[in-house]
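J.: To start, I am sharing the structure in question, which I have written as structure tokens.
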Amino acid sequence: MSGIKKFVVGSFDDEAVLFPAVKNVRKAGYKIHDVYTPFPVHGLDHALGLRETSLHTAGFIYAITGTTTALTFISWVFTKDWPLNIGGKPHFSLPAWIPITFELTVLFSAVGMVLTFCYLCQLSPFIKKHHFSARATDDHFVMAIECTDKTDDAEVESFLQKAGAKDINIQVAETGWWIGRYDKEQKLYRHELGY
Amino acid sequence: MSLLKYESQQREPLIDGNKDYHQVTEDIISPIEMKPSRLWYIGFYISVALLMFGVYSIYREVTYGIGQWNLNKTIGWGWDITNFVWWVGIGHAGTLISAILLLFRQGWRTGVNRAAEAMTIFAVMCAGQFPIWHMGRVWMAFFVLPYPNTRGPLWVNFNSPLLWDVFAISTYFTVSLLFWYSGLLPDFATVRDRAKTKFRKMMYGVAAFGWTGSTKHWQRFESLSLVLAGLSTPLVLSVHTIVSFDFATSVVPGWHTTIFPPYFVAGAIFSGFAMVQTLLIIVRKVLNLQDYITIGHIEAMNKVIVLTGSIVGIAYLTELFIAWYGQNPYEIHAFFQNRGNIFSPYGWSYYLMMFCNVVSPQLFWSKKLRRNVSVTFFMSIIVNIGMWYERFVIIVTSVYRDFLPSAWSTYYSPSIYEIGFYLGTFGLFFTCFFLFAKYFPVIAVAEIKSILKTSGENYKVKMGDIEKADAEKFYIEEVEHAH
């Protein structure tokens with residue numbers, strides 16, 4: 001997966017231009033490595049053919065792990081390990097355990113989801129990544145098209161020019177372990193319905 | 001995204017002025033890149049001085065014991081727990097803005113959520129100090145956690161509201177911090193990518209976790225924010241509910257009421273919004289962010305204040321009514337003698353609370369006053385004082401005269417170190433807030449950009465023209481054609 005790869009990078013300054021460009025580039029058969037945007041552009045993930053994230057499912061699994069952890073632990077402590085008589089109340093007093101159970105549900109889910117998010121997106125302090133354009137976090141929507149041996153760079157460049165890109169250049173980047181997940185995630189345009 | 005989302009032209013713009021994406025970045029990030037003003041230094045040093053006084057007060061308390069405070073028998077909870085509840089309450093507005101208003105799709109939250117969330121985190125940090133140092137032998141604070149130990153193991157009491165509080169506050173702090181920090185990643189990346197100095201680039205690069213703005217990352221980011229908002233919404237309600245259980249599950253007249261959870265939550269949001277107003281009115285002025293934190297934002301928050309203030313008012317009246325209706329002599333004594341009787345030792349605090357929390361927010365029924373910055377600032381201070389007194393009234397007036405008249409305590413007034421501890425948390429809060437205002441993007445840049453084309457003034461004007469032209473065309477083509 002890793003290795004030196006070449007990318008044709010085009011920057012757009014308007015998301016209204018970006019959408020048809022994404023469609024045309026994909027239709028022409030080029031492989032969009034990624035589009036970097038300064039804010040979440042709704043619908044762009046669908047336009048790129050990315051599948052839905054299942055991060056929320058992970059969140060749910062963490063949540064029920066928290067629930068079970070809290071309930072089993074408290075029940076074990078109060079009924080098996082050290083049953084305390086608190087004002088003659090039953091040892092298994094579920095209603096009194098709801099608050100802690102709830103808090104642990106939320107805690108497990110939130111912490112687990114954030115860690116999963118960081119893992120999936122390869123986010124961590126001191127990580128070094130290739131940034132195609134410094135303006136991708138400011139006002140540009142940056143599209144990186146991956147080149148293979150067969151790709152004609154000049155052709156891609158002129159294609160992007162026609163599509164409305166403002167700033168076009170060719171960059172070489174070493175794809176680390178964080179790059180290339182898109183190979184699996186992205187559907188080809190011809191595999192989508194209605195093509 | 002004018003393509004995908006439509007917003008009515010009747011709505012006031014959320015971002016004033018002629019902005020584009022770059023201008024938004026420029027406006028919000030540039031204060032970070034400039035040297036702080038003289039005013040910032042003055043404010044910061046005052047905060048640090050207060051913090052130092054707080055540290056000294058805590059030092060006295062730890063060295064000589066709780067006796068350094070003027071707590072007595074029967075007032076075992078005084079300023080410390082009052083301050084604890086007050087600070088926790090203040091934290092609630094941040095989560096309400098960032099989580100509940102996200103679920104309600106309130107666009108105006110984008111202008112204020114970052115600062116409000118920061119306020120939440122700092123307020124919870126301050127709140128946590130009080131129960132911890134009140135333990136006296138603070139080096140045993142870890143006893144509140146259920147950890148395997150050599151005493152059996154003897155576990156903590158999971159049936160106790162005080163333990164629920166440990167879990168609630170620590171979960172609340174952790175989740176708020178994660179929510180806040182995950183939202184900050186893209187904005188730190190913005191600061192990193194426009195940094196001129198190597199040091200800044202490195203620091204913000206570390207803080208940004210290598211954020212690139214990839215579409216897939218944004219997709220996951222949005223999913224994460226939505227689920228965290230969904231988790232935080234019941235969480236924030238649970239936190240003050242559990243704080244109120246500390247009181248409500250006891251048998252002390254004045255505390256033993258079922259109305260406490262909703263009443264505490266409403267009060268928390270009420271005081272939290274007041275604190276947000278206090279801070280943001282200063283921040284928008286000092287950092288020149290009036291275009292992003294507009295009068296419309298202030299008005300929206302004032303509407304929340306008048307709503308929650310009125311809920312709190314209803315709760316006060318309900319308490320009084322139930323005390324009378326229940327005909328329990330101890331309840332009646334707690335509410336009509338210890339509080340309601342203005343000539344009783346603490347009667348004044350009850351009426352001060354009533355005035356600040358119930359009467360004064362009613363000013364905000366007037367649109368003119370709601371949109372007046374000076375009035376709002378003044379009112380936010382009044383509400384904060386009122387809400388501090390609410391907790392003081394609940395705690396002190398309920399315990400200073402209990403069932404046995406021979407045990408009635410003498411008048412309680414705090415010692416200098418009790419006051420010092422409280423001032424110290426102000427120091428902690430404002431030290432953190434000053435650092436935040438200087439080094440962090442105080443407004444969520446990416447979120448502002450995502451609503452710019454629907455709610456920005458210049459885009460709204462353009463859209464309005466298009467709509468008007470469309471309406472005219474429609475009239476000419478359809479209506480006149482029909483004639």
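J.: Under 25 Å from the Cα of A:Lys31, which lysines turn up, not counting those fewer than eight places away in the same chain?
T.: A:Lys5, A:Lys6, A:Lys23, A:Lys128, A:Lys129, A:Lys150, A:Lys162, A:Lys166, A:Lys184, A:Lys187, B:Lys216
J.: Amide H to amide H under 5 Å from A:Lys166: which residues, 5+ apart in sequence or cross-chain, H placed 1.01 Å off N in plane?
T.: Placed amide hydrogens put A:Ser11, A:Phe12, A:Asp13 under 5 Å from A:Lys166.
J.: While we're looking at this one, here's another question. Report, in degrees rounded to the nearest 10, the 0 to 90 angle that the Cα long axis of helix A:15-27 makes with the longest principal axis of chain A.
T.: 80
J.: Normalising by the residue count of segment B:21-457, find the relative contact order in percent from Cα pairs under 8 Å and 6+ residues apart.
T.: Working: 583 pairs, mean separation 142.5, N = 437.
This gives 33 percent for segment B:21-457.
J.: Let me ask another. Work out how much length A:Thr65 to A:Leu84 would gain on full extension: take 0.36 nm times their residue separation and subtract the Cα-Cα distance, in nm to one decimal. Mind showing how you got there, number by number?
T.: Numbers: separation 19, 0.36 × 19 = 6.84 nm, distance 2.61 nm.
Here the segment from A:Thr65 to A:Leu84 would lengthen by 4.2 nm.
J.: Another question about this same structure. Taking neighbour Cβ counts within 10 Å as the exposure measure, how do B:Ile419, B:Ile293 sort from fewest upward? Don't jump to the answer; show the numbers that get you there.
T.: On the way: B:Ile419 16, B:Ile293 25.
Arranged by neighbour count, lowest to highest, B:Ile419, B:Ile293 become B:Ile419, B:Ile293.
J.: So how long is each side of the protein assembly as shown along the principal axes, counting just the alpha-carbon atoms, biggest first, in Å?
T.: Projected onto the principal axes, the Cα atoms of the protein assembly as shown cover 95, 71, 57 Å.
J.: Report the local net charge at A:Val9: Lys and Arg +1, Asp and Glu -1, summed over other residues whose C-beta lies under 13 Å from its C-beta. Numbers along the way, then the final one.
T.: On the way: positive: A:Lys5, A:Lys6, A:Arg135, A:Lys166; negative: A:Asp34, A:Glu146, A:Asp153, A:Glu157, A:Asp167.
That works out to -1.
J.: Suppose R0 equals 41 Å. What FRET efficiency, 1/(1 + (r/R0)^6) with r the Cβ-Cβ distance, do B:His22 and B:Tyr475 give to the nearest 0.05?
T.: Working: r = 38 Å, r/R0 = 0.94.
The calculated FRET efficiency here is 0.60.
J.: Then there's this: Among all the lysines, which ones have a C-alpha under 21 Å from B:Lys303's C-alpha, if same-chain residues fewer than 8 places away are not counted?
T.: Result set, ordered by chain and number: B:Lys367, B:Lys368.
J.: Label points 7 Å out from Cα along the Cβ direction at B:Asn341 and B:Val359: separation in nm?
T.: Reported label-point gap for B:Asn341 and B:Val359 is 2.2 nm.
J.: Would you list A:Ile4, B:Ile259 from fewest to most Cβ contacts within 10 Å?
T.: On the way: A:Ile4 8, B:Ile259 15.
Least to most surrounded, the residues fall as A:Ile4, B:Ile259.
J.: Just to be sure I follow the definition: excluding the sites themselves, where is the longest run in chain A that has none of the trypsin sites (Lys or Arg not before Pro) in a DSSP loop with at most 12 other Cβ atoms within 10 Å? Display every interim value, and only then the final one.
T.: On the way: sites that count: A:Lys128, A:Lys150, A:Lys187.
No qualifying site falls inside A:1-127, the longest such stretch.
J.: Follow-up question, since we're still on this one. Using only the Cα atoms, what convex hull volume per residue in Å³ does chain B have? Each step should come with its number before you reach the end.
T.: Values: hull volume 95.6 nm³, N = 483.
About 198 Å³ per residue, rounded to a whole number.
J.: So if I take the centroid of the Cα atoms in segment B:388-415 and the same for segment A:104-138, what is the distance between those two points in Å?
T.: Between the Cα centres of segment B:388-415 and segment A:104-138 lies a distance of 50 Å.
J.: Checking the a/c ratio against 1.5 first, then a/b against b/c, what shape does the Cα gyration tensor give for segment A:66-179? Mind showing how you got there, number by number?
T.: Working: a/c = 5.24, a/b = 4.17, b/c = 1.26.
Prolate shape, in that a/c is at least 1.5 and a/b is the bigger ratio.
J.: Then there is this: Provide the descending list of Cα extents for segment B:16-108 along its principal axes, expressed in whole angstroms.
T.: Each principal axis gives a Cα extent; for segment B:16-108 these are 62, 39, 17 Å.
J.: For A:Thr101, B:Thr171, B:Thr63, what ranking results if the residue with the fewest other Cβ atoms within 10 Å of its Cβ goes first? Don't skip to the answer; put the middle values down first.
T.: On the way: A:Thr101 20, B:Thr171 25, B:Thr63 8.
The fewest-first ordering by Cβ neighbours comes to B:Thr63, A:Thr101, B:Thr171.
J.: Can you list the lysines whose alpha carbon sits under 22 Å from that of B:Lys462, skipping same-chain ones fewer than 8 residues off?
T.: B:Lys5, B:Lys19, B:Lys449, B:Lys453, B:Lys473
J.: Treating only the Cα positions of segment B:196-284 as identical point scatterers, give the base-10 log of I(q)/I(0) from the Debye formula at each q in 0.16, 0.24 Å⁻¹.
T.: Ignoring solvent entirely, the Cα scatterers give -0.90, -1.07.
J.: Which whole-number percentage describes the relative contact order of segment A:55-120, with Cα contacts under 8 Å and a sequence gap of 6 or more? List each step's numbers first, then the result.
T.: Numbers: 53 pairs, mean separation 37.1, N = 66.
Rounded, it is 56 percent for segment A:55-120.
J.: Using the Karplus curve 6.51 cos²θ - 1.76 cosθ + 1.60 with θ = phi - 60°, what ³J(HN,Hα) values do you get for each residue of segment B:234-240, in whole Hz, with x for Gly and Pro?
T.: Each residue's phi maps through the Karplus curve to give x, 4, 5, 5, 5, 5, 6 Hz.
J.: What does the charge add up to near B:Thr241, with Lys and Arg as +1, Asp and Glu as -1, over the other residues with Cβ less than 12 Å from its Cβ? Kindly include the intermediate steps, with their values, before the conclusion.
T.: Values: positive: none; negative: A:Glu103, B:Asp165, B:Asp246.
Cβ neighbours under 12 Å give a net charge of -3.
J.: Debye sum, Cα scatterers, segment A:55-120, no solvent: what log₁₀ I/I(0) at q = 0.18, 0.20, 0.29 1/Å?
T.: With no solvent term, the Cα-only Debye profile gives -0.66, -0.75, -1.14.
J.: Would you please give the FRET efficiency between B:Tyr41 and B:Glu222, computed as 1/(1 + (r/R0)^6) with r the Cβ-Cβ distance and R0 = 45 Å, to the nearest 0.05? Mind showing how you got there, number by number?
T.: Values: r = 39 Å, r/R0 = 0.86.
With a Förster radius of 45 Å, E is 0.70.
J.: Further, regarding this structure: Add +1 for every Lys or Arg and -1 for every Asp or Glu among the other residues with Cβ under 11 Å from the Cβ of B:Val479, and state the total. List each step's numbers first, then the result.
T.: Working: positive: B:Lys473; negative: B:Glu472, B:Glu477, B:Glu478, B:Glu480.
Neighbour charge sum, excluding B:Val479 itself: -3.
J.: Binning at 5 Å from 0, report for segment A:1-73 what percent of all alpha-carbon pair distances ends up in each bin.
T.: Per 5 Å bin, starting at 0, the Cα pair percentages come out as 3, 11, 18, 16, 12, 11, 8, 7, 6, 4, 3, 1.
J.: Find, among the chymotrypsin sites (Phe, Trp or Tyr not before Pro) in segment B:296-386, those assigned to loop by DSSP (not H, G, I, E, B) with at most 13 other beta-carbon atoms within 10 angstrom. List each step's numbers first, then the result.
T.: Working: sites: B:Tyr316, B:Phe321, B:Trp324, B:Tyr325, B:Tyr330, B:Phe335, B:Phe336, B:Phe343, B:Tyr346, B:Trp348, B:Tyr350, B:Tyr351, B:Phe355, B:Phe364, B:Trp365, B:Phe377, B:Phe378; in loops: B:Phe343, B:Tyr346.
Taking segment B:296-386 and a limit of 13 other Cβ atoms within 10 Å, the loop chymotrypsin sites (Phe, Trp or Tyr not before Pro) found are B:Phe343.
J.: Using the alpha-carbon atoms, what tilt in degrees (0 to 90, nearest 10) does helix B:38-64 show relative to the longest principal axis of chain B?
T.: Compared with the principal axis, the helix lies near 30 degrees.
J.: Could you state the number of Å between the C-alpha centres of segment A:27-86 and segment B:1-73?
T.: Comparing the Cα centres of segment B:1-73 and segment A:27-86, I get a distance of 31 Å.
J.: Rounded, prolate or oblate: which fits chain A, taking a ≥ b ≥ c as square roots of the Cα gyration tensor eigenvalues, rounded meaning a/c under 1.5, else prolate when a/b beats b/c? Walk me through the numbers on the way to the answer.
T.: On the way: a/c = 3.44, a/b = 3.06, b/c = 1.12.
Since a/c reaches 1.5 and a/b is larger than b/c, the shape of chain A is classed as prolate.
J.: Per-residue HN-Hα couplings for segment B:194-208, Karplus 6.51 cos²θ - 1.76 cosθ + 1.60 at θ = phi - 60°, whole Hz, x for Gly and Pro?
T.: So the J values, rounded to whole Hz, are 10, 5, 8, 9, 5, 5, 5, 4, 5, 4, 6, x, 5, 5, 7.
J.: Shape verdict for segment B:398-483, please, from the Cα gyration tensor: rounded (a/c under 1.5), prolate (a/b greater than b/c) or oblate. Present the calculation step by step, with values, prior to reporting the outcome.
T.: Working: a/c = 8.27, a/b = 2.53, b/c = 3.27.
Oblate is the answer for segment B:398-483, as a/c is 1.5 or above yet b/c matches or exceeds a/b.
Throughout, read-outs are computed from the coordinates displayed, never taken from laboratory work. Remember, it's a predicted structure, so these values are computed and weren't measured experimentally. Cβ atoms come from the backbone with ideal geometry, glycine included; neighbour counts cover every protein chain shown.
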